Structure formats: structure tokens, C-alpha cells
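Undergrad: Got a structure for you, written out below as C-alpha cells; questions coming shortly.
The values are calculated or read from the model by the stated rules, or taken from the named source; none is laboratory data. Just so you know, these numbers come straight off a predicted model, no measurement behind them. Heads up, the Cβs are rebuilt from the backbone with ideal geometry, glycines too, and the neighbour counts pull from every protein chain shown.
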């Protein structure tokens, strides 16, 4: 295999994830190595982004590389050029491709045809960079997550799917409380359970957060689901993370959210801005984890 990709959490072994965490801690304390000196990274964004785009752009620059942001409207993709053609062309110019897109099949196709590392910056199925950064944030506070409990409240979306994979990789217990009809991907759950993960799918948020060291949530209507927002608000009634729900978690529990947040919907203002919230630290840690992922993939890959 000429190169490694990072499309899902379990593309890494636990040992590799630990290496990424260790390097991210070093980069957070100082300057990362110039792994990308003389190299270019294309950032292909088919979905809107704030944290992901800026953290990757800054990360590439801090590693000594040149970031190139590409959108479909600014490329031949808008005129129907096949993704496999784009993948091969980009591979000829760049040393790494970061892609934020819709269906997971699109990033899989990109990785299939590219001969440089491909990093998943979000698909409808997975958000591995965010969740790896979140696990990094938790382990910096609590130590190893093994044997601890993490809760997910709300939509069984791409974030939930990546948390399920993280539970199988880092050996923590994951309790997900989702309204009926909004469960995570069953294939992701089955695969994680087969790998020995302790994953519980529940309907009661109070049961899910009991004893958890982290309480996670996300918006009820993700990008592309805006027309469902009103219907989803009714379906998710009772799933807001507020002070009374946080009180049922572990006494040292933290609140997490990948942002952007809708105050008064999936989370209360008091929790989001309260002393247990680590959402701004999560966002900051995206930079260091993504630097460490890019560094790892470049060092373990050989351009074809």
C-alpha cells in the first residue's frame, strides 16, 4: 500500500491513535515539525465550514505546507468532471487531499483513485477528525478513556457514528439516547459491537447520561436537513441538554458540542456557556489533532 487514508476513526489502530494524541500534545505546547515543507494540501470543500476549514488551513501552514482551498463552483467538478478524474489530477499536484462532502461514497471514491493520503473532513456518515479531537480533549482531562462512560444525546448522525467507532478503538462505554427513528447507522453499530465495543442505544437521555464523564450533543437538523427543522424539533422534545440533565452525569462531567450550536434547542444557554462546557477547547484542539493526522499520514505514505 503506497499511502494511508483517514476516512473513519478505525482506519487507525489504537497504537496509531495514541501516536497521534502524543504528537498533538507536543504541537499544542510548541511548534509542529515542518513535515509539509515544500508540499501542498488541497482542501476540497463541498459543504460549508468554519472550524474545519480554518483549522486545516492553519494546520497546513504551521506544518510548513501550502493549503489550496477548492470548491466545486471554482473547479471543473461543477461542469461534471468525474470525481475519479479529479482525484488523479489532484494527486499529481498535491501531497494530501482533505475532503468535506455529502455521501460517504464520494470520499471513498476519492481515496480509491487518489495516490496521496485522503482525509475525511466530514461526510454524511462520519466526522472522524472532530471525534478524534474530542477524545483527545477528554483524555487530556480524565486520562485514558478505557472503562469510562460517554453519553451521546440527540440525533444518530455522523458524529454519533464516529463516537461509536471511537468507543471500539479506545475501549470506553458509549450510551446513545436518540428518538425513535433517528438512530445511528446500524452497520456502524454492528461493526463496533463485533469489535468488542460497549455501545448502548437508549431512548431516555437521563439513563444515558447517568455516570457519564462527558455529555455530547449536536444540532437536531444538520446541513441539508433544514427543511426538516420544525418536524425535528417536535421529534426531539425532551432531548435538550440542560442543567437538570447534566446534574445526572458524573460530578466531574463535561459538556461537549461540535458546533455550531442552537441555544435553546439541543442545549441550553446555561450549559453551553457554563463551567462544565469544553466546547471552545474542543474547537481549539481540532487544530493540533489535524496537524498530527496530516503529519502521521505523510510520514507513513509514499507518493505514487
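Table: residues versus (1) in contact with a helix residue (DSSP H, G or I) (Cβ under 7 Å, 6 or more places away or on another chain); (2) closer than 23 Å to residue 52 by Cβ; (3) in a helix (DSSP H, G or I).
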| site | (1), (2), (3) |
| --- | --- |
| 227 | no, no, yes |
| 245 | yes, no, yes |
| 250 | no, no, no |
| 259 | yes, yes, no |
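Undergrad: Just wondering, is there one or more residues in segment 127-142 that are free of Cβ contacts under 8 Å to residues at least 12 places away in the same chain, outside the structural domain of residue 20 (by TED's automatic domain parsing) and out of contact with any strand residue (DSSP E or B) (no Cβ under 7 Å at 6 or more places or on another chain)?
TA: We begin by selecting, within segment 127-142, every residue free of Cβ contacts under 8 Å to residues at least 12 places away in the same chain; these are none.
Looking through segment 127-142, none of the residues is free of Cβ contacts under 8 Å to residues at least 12 places away in the same chain, outside the structural domain of residue 20 (by TED's automatic domain parsing) and out of contact with any strand residue (DSSP E or B) (no Cβ under 7 Å at 6 or more places or on another chain).
Undergrad: Find the residue count for segment 263-304, including only residues that are assigned to a helix (DSSP H, G or I) and either touching a residue at least 24 places away in the same chain (Cβ under 8 Å) or closer than 30 Å to residue 179 by Cα (or both). Spell out how you get there, then give the answer.
TA: Pass one, segment 263-304, residues assigned to a helix (DSSP H, G or I): 269-272, 279-299.
Filter once more, so that each one left must be either touching a residue at least 24 places away in the same chain (Cβ under 8 Å) or closer than 30 Å to residue 179 by Cα (or both): 269-272, 279-283, 285-299.
Of the residues in segment 263-304, 24 are assigned to a helix (DSSP H, G or I) and either touching a residue at least 24 places away in the same chain (Cβ under 8 Å) or closer than 30 Å to residue 179 by Cα (or both).
Undergrad: Which of the residues spanning segment 30-51 are modelled with pLDDT of 95 or more, out of contact with any strand residue (DSSP E or B) (no Cβ under 7 Å at 6 or more places or on another chain) and surrounded by fewer than 17 Cβ atoms within 10 Å (Cβ to Cβ)?
TA: Once the filter is applied, which keeps residues that are modelled with pLDDT of 95 or more, out of contact with any strand residue (DSSP E or B) (no Cβ under 7 Å at 6 or more places or on another chain) and surrounded by fewer than 17 Cβ atoms within 10 Å (Cβ to Cβ), segment 30-51 yields 33, 34, 37, 38.
Undergrad: Would you check if residue 131 is buried (at least 24 other Cβ atoms within 10 Å of the Cβ) and either out of contact with any helix residue (DSSP H, G or I) (no Cβ under 9 Å at 6 or more places or on another chain) or closer than 17 Å to residue 289 by Cβ (or both)?
TA: Numbers: buried (at least 24 other Cβ atoms within 10 Å of the Cβ): yes; either out of contact with any helix residue (DSSP H, G or I) (no Cβ under 9 Å at 6 or more places or on another chain) or closer than 17 Å to residue 289 by Cβ (or both): yes.
In short, yes.
Undergrad: Keeping to segment 229-243, report how many residues are modelled with pLDDT under 95 and not in a loop (DSSP other than H, G, I, E, B).
TA: Residues flagged as modelled with pLDDT under 95 and not in a loop (DSSP other than H, G, I, E, B) within segment 229-243 amount to 7.
Undergrad: Out of 270, 249, which single residue is over 22 Å from the mean Cα position of the chain (by Cα), surrounded by 21 or more Cβ atoms within 10 Å (Cβ to Cβ) and at pLDDT 95 or above? Show your work before the answer.
TA: Working: 270 fails: surrounded by 21 or more Cβ atoms within 10 Å (Cβ to Cβ).
Exactly one residue qualifies, and that residue is 249.
Undergrad: Going by the conditions given, is residue 92 in a loop (DSSP other than H, G, I, E, B), surrounded by fewer than 17 Cβ atoms within 10 Å (Cβ to Cβ), outside the structural domain of residue 140 (by TED's automatic domain parsing) and at pLDDT 95 or above? Write out each step before concluding.
TA: Numbers: in a loop (DSSP other than H, G, I, E, B): no; surrounded by fewer than 17 Cβ atoms within 10 Å (Cβ to Cβ): yes; outside the structural domain of residue 140 (by TED's automatic domain parsing): yes; at pLDDT 95 or above: yes.
Against the criterion (in a loop (DSSP other than H, G, I, E, B), surrounded by fewer than 17 Cβ atoms within 10 Å (Cβ to Cβ), outside the structural domain of residue 140 (by TED's automatic domain parsing) and at pLDDT 95 or above), residue 92 does not qualify.
Undergrad: Let me ask something additional. For segment 150-211, which helices (runs of 4 or more DSSP H) that fit wholly inside it have 2 or more residues that are at pLDDT 95 or above and within 17 Å of the chain's Cα centre (by Cα)? So that I can check it myself, show each step before the final result.
TA: On the way: elements: 158-170, 186-194, 205-209.
Qualifying helices (runs of 4 or more DSSP H): 158-170, 186-194.
Undergrad: Is it fair to say residue 218 is within 21 Å of residue 7 (Cα to Cα) and in contact with a strand residue (DSSP E or B) (Cβ under 8 Å, 6 or more places away or on another chain)?
TA: Working: within 21 Å of residue 7 (Cα to Cα): yes; in contact with a strand residue (DSSP E or B) (Cβ under 8 Å, 6 or more places away or on another chain): yes.
Taking the combined requirement at face value, the residue satisfies it.
Undergrad: What's the number of the condition residue 80 fails, among (1) touching a helix residue (DSSP H, G or I) at 6+ places or on another chain (Cβ under 7 Å); (2) surrounded by fewer than 15 Cβ atoms within 10 Å (Cβ to Cβ)?
TA: Checking residue 80 against (1) touching a helix residue (DSSP H, G or I) at 6+ places or on another chain (Cβ under 7 Å); (2) surrounded by fewer than 15 Cβ atoms within 10 Å (Cβ to Cβ), the one that fails is (1).
Yes/no matrix, rows are residues, columns are (1) farther than 30 Å from residue 80 by Cα; (2) part of a loop (DSSP other than H, G, I, E, B); (3) touching a residue at least 12 places away in the same chain (Cβ under 8 Å):
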site	(1), (2), (3)
15	yes, no, no
25	yes, no, yes
32	yes, yes, yes
56	no, no, yes
60	no, no, yes
